[in-house]
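Have a look at the structure below before the remarks.
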Amino acid sequence: MRTDLTLTTTAVSAAATVRNLGILAHVDAGKTTVTERILFLTGAIHRRGEVHEGTTVTDFDPQERDRGITISAAAVSCDWDGHRLNLIDTPGHVDFADEVERSLRVLDGAVAVFDAVAGVEPQSESVWRQADRHGVPRIAFVNKMDRPGADLDAAVASIRDRLHPVPLAVQLPIGREGEFTGVVDLLRLRALTWPDGPGSVGGVGGVSDVQVSDVPAELVAEAERRRQALAEAVAELHPAALEEYCATGTLGADTLAGALRQLTADGQAVVVLCGSAYRNRGVEPLLDAVTAYLPSPLDVPPVRGDWQGTVQERSADPEQPLAALVFKVNASTTGRLSSLRIYSGTLRKGDTVLDARTGRTERIGRILRVQADRHTETDTAVAGDIVAVIGPKAARSGSTLCAPGAPLVLEPAVAADPVVTVAVEARRSVDTDRLAVALLRLAEEDPSLVVGTDPESGQRVLSGLGELHLEVAVEKLRRAGLEVTVGRPQVAYRETLSLALAGLVLRHVKQDGGAGQFAHIVVDVEPLGEPGTEGFEFRSTVTGGRVPQEFVQAVEAGCRDALTDGPLGHPVTGVRVTLTDGATHVKDSSDLAFRTAGRLALREALRRGSPVLLEPVVDLTATVPPDSLGGVLGDLSARRGRVHGSEPQGARGATLTATVPLAELFGYAGALRSRTQGRGTFTTHPAGYTPAPRGQ
């Protein structure tokens, strides 16, 4: 008994030193470089890789190295100051937002990286909102402080104005732009500097070259002013800190640190640090902040799951029954590697687990600690760990692996709906079967890719979140040795009705021997909002029990059936249905009859309601040089774009914001490069649907 107790206590205490965190940001803000410097500084690697050289640990896929961007979330592990850090470097491009979503589902904290010149960029805002939905605590790292135009205060202001948390800067930069050499730690009023050396990156793997000294004389007054402002801001948000502030007029370093940790966990504020990851400056304080302010698996609420309608909770205790969520699957011809987060219990090599999604039992053949594309085998993993396993054959992203005697289903991350579709065919008939298998493997690895068949042409189609998303997927097929032809991308249209119909009567009667079908309903059908409003709403105002509740639910189910295919041939959205009256037959009424009536009623309403075709639109942000501004504006207008405004960016030109139909942006990257001599850049973010022009 004493031995078991010792093991349990050790495992629980070990979980307290674990930090599961993601690195989030807009594309090109420096996420991968930050991750690379963390691995180098902690001794996990002994040579710094560079994104532009294609030598980083987490961007190991050939396409990532060729394109210079992160495509797939990559997990790595390292140790810092007695803590185990499990990091996931996530993509910054909007087309791969589903990778971020699945990563955030299993993380306890995150570091949001911002460009010190650009501040909050469109995809920064998008990933921040994703983290909000998952309730993931964050700290902020303002990167690239050595660039011309870098401004910590402006970046902090953009965080406050666009993301709306309370940003609490705990550092003051020493030197501006190219003269940036270090930071002042405002909690302890000390200077942290990094000496210049060959390449200005200093240190060796696992060894820090930070120098701690007194605050430079010219910054003492400013540092004291900012520390007092920090203390006041924290006291306003934290009751215990307020008591000390009222008694002493300031806050001690330990009080500040404790209050910042709690405010971070509660989401009331975000701690802001700064540095230059490329020049290896500011990484050590960032690691200290990760261990000091972000939660461990023991600090987050117990995970909630469901089994046969009963909600259960599991805490991060290795002695509880196993509960683990698969968040990524790598399928290959040599086997399947399933990455998972263990929320409770202990997983051992050779264990038999239950896949709650399929109901089948699976054997764990191997347990691996992941270092991007390299792995280290281990025999045991406990609550709080993020590991990969080999063995489960049917596990998918979102599957729950649990103890067979204590089944549980954890809520998976929800895959985004695809918005772009291309037809994919094998050039040689002998490769048709190979292509089918390869496409299914792609969909297993990335749930936001959907494989289907065009009902009119019979062609195999692949749907995804954007043009680049599909381009990367097709390139994977080609690199696997398949010769394929790809059709022009097509967007995913929706439709809605523009007219409201009141008192629509649908009487469904069917009698063909034996028990018949009878359902009589009266419904009001109307748009949910302005054209382009998404969603479906159903309600019932029937009184007097004229339609029993179970039949009301059947009518709703029938209406949802009708949403899959409208009169124009596309899924329906933006509709509200109200059941106002109805009648039943003592023998012939059934769930099936009322479900059929609901489906037929909504289809009839959609035919009569002047259906409107909706097309997906995106919010576009483009940075263009001054001499190209007019040409870019004209091109956006020709693409049916609505320009909202432009903001001067000094020598960089201007930043344009516009809303543009997605169908008009195919090939826009090349067009923008051509009009700006390769100096223009743009990003997009989904903005919903708007009515398409007639004849579209």
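The values are calculated or read from the model by the stated rules, or taken from the named source; none is laboratory data. Please read all numbers here as calculations on a predicted model, not as lab measurements. Reconstructed Cβ throughout: ideal geometry from the backbone, glycine too, with neighbour counts over all protein chains shown. Surface areas here come from the heavy atoms of the whole protein model, side chains and all, with no ligands, DNA or RNA. Shrake-Rupley method; radii C 1.70, N 1.55, O 1.52, S 1.80 Å.
Numbers at a glance
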item	result
Flag for A150 being small (G, A, S), surrounded by 19 or more Cβ atoms within 10 Å (Cβ to Cβ), modelled with pLDDT under 95 and over 21 Å from T659 (Cβ atoms)	yes
Region 62-84 - residue that is touching a residue at least 60 places away in the same chain (Cβ under 8 Å), open to solvent by less than 40 Å² (accessible area, probe 1.4 Å) and more than 20 Å from the chain's Cα centre (by Cα) and, of those, nearest to G398 (Cα to Cα)	S77
Residue among V283, V300, V311 that is among the hydrophobic types (A, V, I, L, M, F, W, C) and without any contact (Cβ under 8 Å) to a residue 24 or more places away in the chain	V311
Looking only at region 471-494, and only at residues there that are open to solvent by less than 60 Å² (accessible area, probe 1.4 Å) and either polar (S, T, N, Q) or out of contact with any helix residue (DSSP H, G or I) (no Cβ under 8 Å at 6 or more places or on another chain) (or both), the one that is farthest from V424 (Cα to Cα)	R494
Test result for L442, farther than 16 Å from D417 by Cβ and either in a loop (DSSP other than H, G, I, E, B) or within 23 Å of the chain's Cα centre (by Cα) (or both)	yes
Yes/no for E445 being surrounded by fewer than 23 Cβ atoms within 10 Å (Cβ to Cβ) and in contact (Cβ under 8 Å) with a residue 40 or more places away in the chain	yes
Qualifying residue in region 159-167 (condition: in contact (Cβ under 8 Å) with a residue 12 or more places away in the chain, open to solvent by less than 10 Å² (accessible area, probe 1.4 Å) and not in a helix (DSSP H, G or I))	no
Residue that is most open to solvent (accessible area, probe 1.4 Å), among those in region 242-282 that are touching a Leu at 6+ places or on another chain (Cβ under 6 Å) and among the aliphatic types (A, V, I, L, M)	A253
Per-region count, region 562-583, residues buried (at least 16 other Cβ atoms within 10 Å of the Cβ) and either polar (S, T, N, Q) or farther than 16 Å from Y493 by Cβ (or both)	9
Among (1) at pLDDT below 95; (2) buried (at least 21 other Cβ atoms within 10 Å of the Cβ); (3) within 15 Å of L506 (Cβ to Cβ); (4) not polar (S, T, N, Q) - the single one L592 does not satisfy	(2)
So V142, is it hydrophobic (A, V, I, L, M, F, W, C), closer than 23 Å to P216 by Cβ, out of contact with any Phe, Trp or Tyr (no Cβ under 6 Å at 6 or more places or on another chain) and open to solvent by less than 30 Å² (accessible area, probe 1.4 Å)	no
Failed item in (1) under 27 Å from the mean Cα position of the chain (by Cα); (2) outside any strand (DSSP E or B); (3) at pLDDT 90 or above, with K393 passing the rest	(3)
Residue tally, condition touching a helix residue (DSSP H, G or I) at 6+ places or on another chain (Cβ under 8 Å), assigned to a loop (DSSP other than H, G, I, E, B) and free of Cβ contacts under 8 Å to residues at least 60 places away in the same chain, over region 499-557	2
Residue, nearest to T35 (Cα to Cα), within region 341-376, restricted to residues that are of a type in the set (S, T, Y) and buried (at least 18 other Cβ atoms within 10 Å of the Cβ)	Y343
Residue, farthest from L470 (Cα to Cα), within region 500-522, restricted to residues that are open to solvent by 60 Å² or more (accessible area, probe 1.4 Å), touching a strand residue (DSSP E or B) at 6+ places or on another chain (Cβ under 8 Å) and of a type in the set (A, V, I, L, M, F, W, C)	V509
Within region 212-236, tally of residues that are without any contact (Cβ under 8 Å) to a residue 24 or more places away in the chain and more than 11 Å from T250 (Cα to Cα)	8
Cβ pairs under 9 Å, 6+ apart, first in region 24-46 and closer than 12 Å to S276 by Cα and open to solvent by 10 Å² or more (accessible area, probe 1.4 Å), second of a type in the set (F, W, Y) and part of a loop (DSSP other than H, G, I, E, B)	G30/Y278; T33/Y278
For F538: the one exception among (1) open to solvent by 80 Å² or more (accessible area, probe 1.4 Å); (2) modelled with pLDDT of 90 or more	(1)
Qualifying residues in region 680-690 (those that are modelled with pLDDT under 85 and open to solvent by 40 Å² or more (accessible area, probe 1.4 Å)) - the one farthest from T621 (Cα to Cα)	P686
Filter pass, D379 being modelled with pLDDT under 85 and surrounded by fewer than 20 Cβ atoms within 10 Å (Cβ to Cβ)	no
Pairs with Cβ under 8 Å, 6+ apart, first in region 624-649 and within 23 Å of A692 (Cβ to Cβ) and touching a residue at least 24 places away in the same chain (Cβ under 8 Å), second part of a loop (DSSP other than H, G, I, E, B) and open to solvent by less than 70 Å² (accessible area, probe 1.4 Å)	R640/P693
Single residue of region 401-421 satisfying the filter (modelled with pLDDT under 85 and hydrophobic (A, V, I, L, M, F, W, C)) that is least open to solvent (accessible area, probe 1.4 Å)	V420
Sole exception among (1) part of a loop (DSSP other than H, G, I, E, B); (2) open to solvent by 10 Å² or more (accessible area, probe 1.4 Å); (3) hydrophobic (A, V, I, L, M, F, W, C) for V136, by number	(2)
Test result for S338, under 27 Å from A25 (Cα atoms) and not hydrophobic (A, V, I, L, M, F, W, C)	yes
Restricting region 546-561 to residues that are of a type outside the set (D, E) and within 21 Å of R607 (Cα to Cα), the residue that is surrounded by the fewest Cβ atoms within 10 Å (Cβ to Cβ)	A557
Some residue of region 245-266 being part of a loop (DSSP other than H, G, I, E, B), closer than 29 Å to V120 by Cα and out of contact with any helix residue (DSSP H, G or I) (no Cβ under 6 Å at 6 or more places or on another chain)	no
